[in-house]
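Working notes, structure below.
The values are calculated or read from the model by the stated rules, or taken from the named source; none is laboratory data. What you see is a predicted model, and the numbers here were worked out from it, not measured in a lab. Cβ placement follows ideal geometry from the backbone for every residue including glycine, while neighbour counts extend to all protein chains displayed. Heads up: the accessible areas ignore ligands, DNA and RNA and are worked out on the full protein's heavy atoms, side chains in. Shrake-Rupley method; radii C 1.70, N 1.55, O 1.52, S 1.80 Å.
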Amino acid sequence: MNNKNRPNALHRRQLLEAGAGALAAVATLDAPAPLLAQQSGAAATNAAGRTLSDRLADFVAGFDLKRAPPEAIDRARAAFIDTIGVMLAGSREEVSRLACDMVRAEGAAAAATVVGQSFRTSAQLAALANGVAAHAMDYDFTYLSGQSVSPVIPAILPIAETTGALPAECLAAFIVGAGVAARLIRASPRISNDGGWHTTGVVGAIAAAAACARLMKLSPAETANAIGISASLASGIAVNYGTMTKPLHSGNAARSGVLAASLASRGFTAQRTALEGAAGFFDTFDRGLDRSYAPFDDLGRRFDLVTIGYSIKAYPCGGRGHTAIEAALALREKIGARLAEISAIECYLSRSSAQRVNSRYPDTIEAAKFSAAYVVAYSLVHGAPRIPAFTEQALKDERVKALAKLVTASADPALSDALGESPARLKIVLKDGQTFEEQRDYATGSAKVPMTEAQLEEKFNDCAAQAMAPEPAKNILAILNTLADRRSLSDLWPLLRS
């Protein structure tokens, strides 16, 4: 694939003209380090006795965008395009309508834009509504473990608007937020799969706080307090997948990030060992799972946006089912018009993926996003499940219902359960005994099968069309594509309220 067509590639002229400092930073990047260091119980403090919060704060406050790898900057640009696109589409979902009804009822000062809505509100409530919209359709990108940074851009936007932050500062804020999220996840990579926590709410709150602290230009001491405050605000349990509460995790985390940074800026304090201390973040959330603090040692030197990257979703549903969707699409080509001859559809997933999806026919749009029976059957009948697949009308399709009854979903221990991987194997049996099988290890949009720039922009335009006319959508995309070069975002806010 031609690199110039990839959103993760260095294809922007301004990035190619980055200074020698940025090139030197790229040169320091080695091959990706193991996600979890082999040793356990590594010391949380470095030789200078700095706590994890202190070390993260030094990174956040001292980060220099000019020394960031150009590819990290470009991936931040693509992240803004993807996130704002799905926020625009998500703003039209029922869960967003309900959240916005509550936000309006608060009657807060009109200080910040709510994306896809015509009103403004306080920075905290705008972050809440933005975060819900970003995760409403489960269309936001995956980073290391689930949508761990889903709340970051929803929190950045209202802080940027109320402080008059420069576009480059927004890119820097996202990069540091992603860096903080990566350290928390790499330190305890099973916190979601085995711990049962939703990283969007648990990790995302701290990442959002770090990003807001950066935008608000907090001192290292204030930033450490913001991190400690957000550790107490972090929350989100996996049992609420398939309900409106799942996108609320993103909204709550975005608001918590704004709240934590705002309080810290006023002198509000938190425990400096809030992450590694007894009964701290890790003790509370990983509950004895494997843990290593080694990932905190390469802050500022390793950029996980570059070494690991993220997965931009091609379908608006739970990412763990995307490989099953693409296996179904491949089998649809082989089976052709013989769908009526199918007697059984067996879907095999990794252990952790099988815990998050099911084979029940959904009774709500939210549940449909985590139903293997629905997404596989829909894909076989209609093709790729895009936005129209997740509507009340689509759930009533009798052909899909009939085929979904034949779908079973179970775990296959032979399929990789590694962090960031969700392989699937699909087996279709016809009534005459003929069988067809297809396995997909990586879905479109993953680091292994990246989207082209054209695919990214097509997704943005499709999402934006749910909320606005083509012309403002075109203007928003033009602004986001040139973030690194822009002097102001003053022309963006009215467009987001179109």
With all protein chains present, how much of the accessible area of the stretch 336-426 (probe radius 1.4 Å) comes from carbon and sulfur, to the nearest whole percent? 52
Rounded tilt (10° steps) of 220-233 against the dominant C-alpha axis of the chain: 40
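How much accessible area per residue does the chain have, in Å², with a 1.4 Å probe? Numbers along the way, then the final one.
Numbers: 18570 Å² over 498 residues.
Computed with neighbouring chains in place, this is 37 Å² per residue.
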Trp493, Trp197, ranked by accessible area, largest first (probe 1.4 Å): Trp197, Trp493
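Going by a ≥ b ≥ c, the root eigenvalues of the Cα gyration tensor, does the stretch 179-302 fall in the rounded group (a/c under 1.5), the prolate group (a/b larger than b/c) or the oblate group?
Numbers: a/c = 1.73, a/b = 1.20, b/c = 1.44.
Oblate is the answer for the stretch 179-302, as a/c is 1.5 or above yet b/c matches or exceeds a/b.
Carbon and sulfur together cover what percent of the accessible area of the stretch 152-291 at a 1.4 Å probe radius? Before the final figure, lay out each step's value.
On the way: 2190 of 4000 Å².
C and S fraction of accessible area: 55 percent.
Restricting to DSSP H runs of at least four residues, report the calculated mean residue ellipticity at 222 nm for the chain, -39500 (n - 2.57) per run over all residues, nearest 500 deg cm²/dmol. The partial results should precede the final answer.
Working: 23 runs with 239 residues, N = 498.
The helix contribution divided over the chain gives -14500 deg cm²/dmol.
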Excluding same-chain residues fewer than 8 positions from Lys427, which lysines have a Cα within less than 16 Å of its Cα? Lys334, Lys405
Which one, Gly280, Gly300, Val429, projects farthest toward the positive side of the charge dipole computed for the chain from Cβ point charges (K/R +1, D/E -1)? Gly300
Just the number, please: Stokes-Einstein D of the stretch 251-298 in µm²/s, Kirkwood Rh from C-alpha pairs, 10 °C, 1.306 mPa s. 125
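Sort the following peptides by mean Cβ neighbour count (other Cβ atoms within 10 Å, averaged over residues), highest first: 481-488, 344-351, 250-257. Provide the component values of the computation, followed by the final result.
On the way: 481-488: 14.9, 344-351: 21.0, 250-257: 31.9.
Result, highest mean Cβ count within 10 Å first: 250-257, 344-351, 481-488.
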Which angle from 0 to 90°, rounded to the nearest 10, does the C-alpha axis of helix 204-215 make with the longest principal axis of the chain? 40
Pop out the Kirkwood hydrodynamic radius of the stretch 179-227 from its pairwise C-alpha distances, inverse of mean 1/r, in Å to one decimal. 11.4
Measuring from centroid to centroid over Cα atoms, what is the spacing of the stretch 105-148 and the stretch 74-97 in Å? 9
Protection proxy (average C-beta count within 10 Å per residue), highest first, orders 436-445, 68-77, 385-394 as 68-77, 436-445, 385-394
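In percent, what relative contact order does the chain have, based on Cα pairs under 8 Å that are 6 or more apart in sequence? The partial results should precede the final answer.
Details: 1061 pairs, mean separation 100.8, N = 498.
Relative contact order comes out at 20 percent.
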Given that just one value was derived from the coordinates, which of [x] 137; [y] 203; [z] 156 is volume of the Cα convex hull per residue in Å³? [x]
With every protein chain in place, the accessible area of Thr284 for a 1.4 Å probe, in Å² rounded to the nearest 10, comes to 50
Order these peptides, 321-328, 127-134, by their mean beta-carbon neighbour count within 10 angstrom, highest first. 127-134, 321-328
Could you give the angle, 0 to 90 degrees to the nearest 10, between helix 123-135's Cα long axis and the longest principal axis of the Cα atoms of the chain? 30
